[in-house]
Amino acid sequence: MIATIPLLSIRNLHVDFKTHDGLVEAVQGVSCDILPGECLGIVGESGSGKSQTLLAAMGLLHRNGTARGTVDFQGHNLLAMSRNELNQIRGRDISMIFQDPLTSLTPHLKIGTQMREVLKTHQQMSGLVSDAKCLEWLERVRIPLAGQRLRQYPHELSGGMRQRVMIAMAMLCDPKLLIADEPTTALDVTIQAEILDLMDELRRDHGTAIALITHDMGVVARMCDRIQVMRHGVYVEQGSADDIFYRPQHDYTKMLLQAMPRLDGKSASGRQIKPYQTRSEKAEFLTVSDLKVHFQIKNGFFAKPAVLRAVDGVSFDLRPGETIGIVGESGSGKSTLARAVLQLIPPTSGTVTWLGSNLTTLDRQAMKQKREDLQIVFQDPMASLNPSMTIGDSIMEPLRIFRRDATKTDRKLAVAAQMQRVGLEPSMINRYPHELSGGQNQRVGIARATILQPKLVICDEAVSALDVSIQAQILELLGGLQAEFDLSFLFISHDLSVVREISHRIMVMYQGCVVEMADRDDLFRNPQHPYTRQLISAVPIPDPDIEKSRKRLRLKGELSSPLDPMARVRFLPSRMGDEVPYLPKLQERFPGHFVAEHDPLEDLVLDDEPELERDLTPS
Amino acid sequence: MIGRSYRENAADIDLTAPKGRSLKQDALRRFRNNKAAMTGVVLLILLILAASVGPSLLPFNYEDPDWSAFRVPPSIESGHYFGTDQNGRDLLARTLYGTRISLAVALVATLVSVVIGVTFGAFAGYLGGRIDQAMMRFVDIIYALPYILFVILLMVIFGRNVFLLFAAIGALEWLTMARIVRGQTLSIRQREYIEAARASGQSTPAIIFRHIIPNLVGPVVIYAALTVPEIVATESFLSYLGFGVQEPLTSLGTLIASGANVFEVMPWLLWFPAGFLVTLLLSLLFIGDGLRDAFDPKDH
């Protein structure tokens, strides 16, 4: 299968950008080959220039960028070609799929129109022949009701469907090379697993070479034959997947592999959280019972508003010094739950009891007093800081509200001490957020949330926007703060491996409800609910041997709209015919291990699955 | 409590930290590198200097006729560099004085529109919901009423006081500013740092004045810079119609209006004030454009 003549060979490619702050050398002389039919992974953290390398090769650089070097595709130097010549190749011989499937489809054109356009441009195909070909490809990427989809607009499809359409469009002309730039980063894990399966299948069936650009070592382990590791615009290491994963040479590669949290708990860094010690005193801390947050969605002036049940009857207790991880895919209501606990969104019903007082009934002023002990850290470190304030001022904000009697110098000293505590140089006190890196800004966010030494900090996807190496440092910082101040965390994330690293107990949410809740180790060793099992089986593990031998659990049905009252009985199809939509109840199946009602797994698995994999977690 | 616990390790903390580079300083630096905008700034400063100091340096007054020189074309010998008008008044003195009035009027009106527009828009945008609806419908209603009708009404109320009239025009100009600011606020309100402020117990006015308005500087400055020429033009238009500044007081608009009547016999009476107005408008527009590029570098 591996031919000796490379399909695409990049030699000594440089990419420079002219910016207001001078010339930025994004790519500094990289060379690589892509062989026909192989999958080459280009791995690196943000800003490493991994995307720019291939964008430059395709002639898709931003206007202020210039590329030097040669990019040879079947005897043509792509960099020396005119735009017209390039257009002959782009889309026909080389095609691309991007990270965000919504923004890479034109919103006002129907799927069919966009697909037919590709065929018309490159193969002068039109009419019934072209319709048939579009339909064939949509079916090949396993889009249900493909004929109907051709007449739909991009916004009518879910994220996973849109990415499938993108792949179908990219494959229409049978390209020799498919460039996938973070194709699954914006998608949920279960959908990611399906898209990766699909790409792998296409590569095997059609011999299409794939250049996969990603930051996720797990995805690479699953898909790639050869890997290039990129950092600061140069390739630091290249080799076969086995070489990179089992015999990494460069320190950076080793660091990347170590920093990556692993679902199987085999993280090489040896990071450990302090096990939770049950306190003797029965302290009332945080109790959430039957919390509901419903939104009214208006569909026009006269239409009856629909009810979106973002959080639908969630109950749990948090003990002092404990971390509960809340996992779920997009739309599962985990962020809404966090905001409802903090009363940033008023709950529709249910109670939140904090140290004996019911927060839902407090007035504004009384609630304000409670906020001293309840803090939150957000996902996007840049967006969570006021860009026109210095980071010192941002960290000082809580002191301005709750330590009114402290003098200015005292406050400043407190801020400086806090900055040291979270690993920031106090000399950066007068800097602005845009002068700092994402990881540093996240430390600022954490410093602000912990300066009053609160009792509870909610981390809403606090490490999701960060590179793995930074992610590891922030997790360590959070663990350290917890040990020092006996903090409790509600740690919200879509990433199971991260949640596994930091949580004592884990709660899995689906469509606004808890489907499973258990101790960390119980949950991973003995997952009960089909959804949990599906999630666990979908997360890629950065280990090629394990990855290639694993089987995915594929369940019937797709993540449907939370507006659909039938969505939550997806795992209980025997109750689907009920007049009143049934809400599955949590049952304590083992001590401390709660599982929502569901039908037996055998009834839920997709039929084309040859055999049911019993042991879903790798040993 | 915080004072005591942190004082202990205060010795090794140095508070004379280096200053950071704020977004505004960045914008200013980009602005300084913009040649067109800097030309605009230089021209504007020259115009302001000429308008404020110029009239007192001239031997002629803007309202008293020079009995020895009626309808004199521009000449160096007579001392009337811009010529004189039908009444023997020095055109240079009148033009400079007119520029002064036009600039002052624009400044007052813009200031009024910024103050009202920003506060109104930020509150409407942040409070949202029904309050926002009510506030913005109020804006829509005023928008829908004809401008000229207002001016005539205001003339009746304020009489002949030029500055009050233009303060009142500013009080109409704020409508657009309020809409822009509300739109911006709606997007800032979604940002997590606003949520962080709410989560840490800040009051609503504190959030609006500390966290929202400082981040509106970019769009507000840009729009204000573009409002100034608009008001100068409005003033000229109103004066041309006879609503604005009245004789013997003058403004660029009135000068152009009277110059246009006699353009065929005394063309200089139109050319000089028109040249000043065009220079003033162009330099303000260049500055506005430069500010937009400086605050929003992604757009080009």
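The values are calculated or read from the model by the stated rules, or taken from the named source; none is laboratory data. Small disclaimer: the values here were computed from a predicted structure and weren't measured. Using ideal geometry, Cβ is built from the backbone for each residue, glycine included, and neighbour counts are taken over all protein chains shown.
Structure data summary
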item	result
Selection count, segment A:382-413, where residues are among the hydrophobic types (A, V, I, L, M, F, W, C) and part of a helix (DSSP H, G or I)	7
Test: residue in segment B:126-143 that is of a type in the set (Lys, Arg) and either at pLDDT below 80 or surrounded by 15 or more Cβ atoms within 10 Å (Cβ to Cβ) (or both)	no
Selection status of A:Thr361, surrounded by fewer than 17 Cβ atoms within 10 Å (Cβ to Cβ) and either more than 9 Å from chain B (Cβ to nearest Cβ) or in contact with a strand residue (DSSP E or B) (Cβ under 8 Å, 6 or more places away or on another chain) (or both)	yes
Every residue from segment A:134-159 that is buried (at least 19 other Cβ atoms within 10 Å of the Cβ) and of a type in the set (Phe, Trp, Tyr)	A:Trp137
Only one of A:Ser503, A:Ser497, A:Ser537 that is among the small types (Gly, Ala, Ser), buried (at least 24 other Cβ atoms within 10 Å of the Cβ), touching a Lys or Arg at 6+ places or on another chain (Cβ under 7 Å) and not assigned by TED's automatic domain parsing to the domain that holds A:Arg247	A:Ser503
Residue match in segment A:48-63 (condition: over 15 Å from A:Asp181 (Cβ atoms) and in contact with an Asp or Glu (Cβ under 6 Å, 6 or more places away or on another chain))	no
For A:Gly439: the one exception among (1) in a helix (DSSP H, G or I); (2) more than 9 Å from chain B (Cβ to nearest Cβ); (3) under 30 Å from A:Val288 (Cβ atoms); (4) in contact with a Leu (Cβ under 8 Å, 6 or more places away or on another chain)	(3)
All positions within segment A:317-331 that are surrounded by 24 or more Cβ atoms within 10 Å (Cβ to Cβ) and either of a type in the set (A, V, I, L, M, F, W, C) or over 14 Å from the mean Cα position of the chain (by Cα) (or both)	A:Thr323, A:Gly325, A:Ile326, A:Val327
Flag if A:Ile167 is β-branched (Val, Ile, Thr), over 22 Å from A:Thr53 (Cβ atoms) and at pLDDT below 90	no
Matching residues in segment A:368-419 - criterion: being of a type in the set (A, V, I, L, M, F, W, C), at the interface with chain B (Cβ under 7 Å from one of its Cβ atoms), more than 19 Å from A:Arg431 (Cβ to Cβ) and out of contact with any strand residue (DSSP E or B) (no Cβ under 8 Å at 6 or more places or on another chain)	A:Ile401, A:Ala406
Residue match in segment B:33-41 (condition: within 14 Å of chain A (Cβ to nearest Cβ), modelled with pLDDT of 70 or more and either in a loop (DSSP other than H, G, I, E, B) or under 24 Å from B:Pro214 (Cα atoms) (or both))	yes
Entirely in segment A:1-68, the strands (runs of 3 or more DSSP E) that have 1 or more residues that are over 30 Å from the mean Cα position of the chain (by Cα), on the phi < 0 side of the Ramachandran plot and free of Cβ contacts under 8 Å to residues at least 60 places away in the same chain	A:8-19, A:22-34
Qualifying residue in segment A:338-349 (condition: within 14 Å of another protein chain (Cβ to nearest Cβ), polar (S, T, N, Q), on the phi < 0 side of the Ramachandran plot and crowded, with 17+ Cβ neighbours inside 10 Å)	no
B:Val221 being within 19 Å of the chain's Cα centre (by Cα), within 9 Å of chain A (Cβ to nearest Cβ) and surrounded by fewer than 20 Cβ atoms within 10 Å (Cβ to Cβ)	no
Strands (runs of 3 or more DSSP E) wholly inside segment A:306-379 that include at least 3 residues being modelled with pLDDT under 85	A:306-318
Meets criteria (in contact with a Gly (Cβ under 9 Å, 6 or more places away or on another chain) and crowded, with 17+ Cβ neighbours inside 10 Å) for B:Leu282	no
Matching option when the condition is modelled with pLDDT under 90, outside any helix (DSSP H, G or I), within 19 Å of the chain's Cα centre (by Cα) and buried (at least 18 other Cβ atoms within 10 Å of the Cβ), among A:Thr184, A:Thr190	A:Thr184
Filter result for B:Thr204 (within 12 Å of another protein chain (Cβ to nearest Cβ) and surrounded by fewer than 21 Cβ atoms within 10 Å (Cβ to Cβ))	yes
Total residues in segment A:88-126, condition within 22 Å of A:His14 (Cα to Cα) and over 30 Å from the mean Cα position of the chain (by Cα)	1
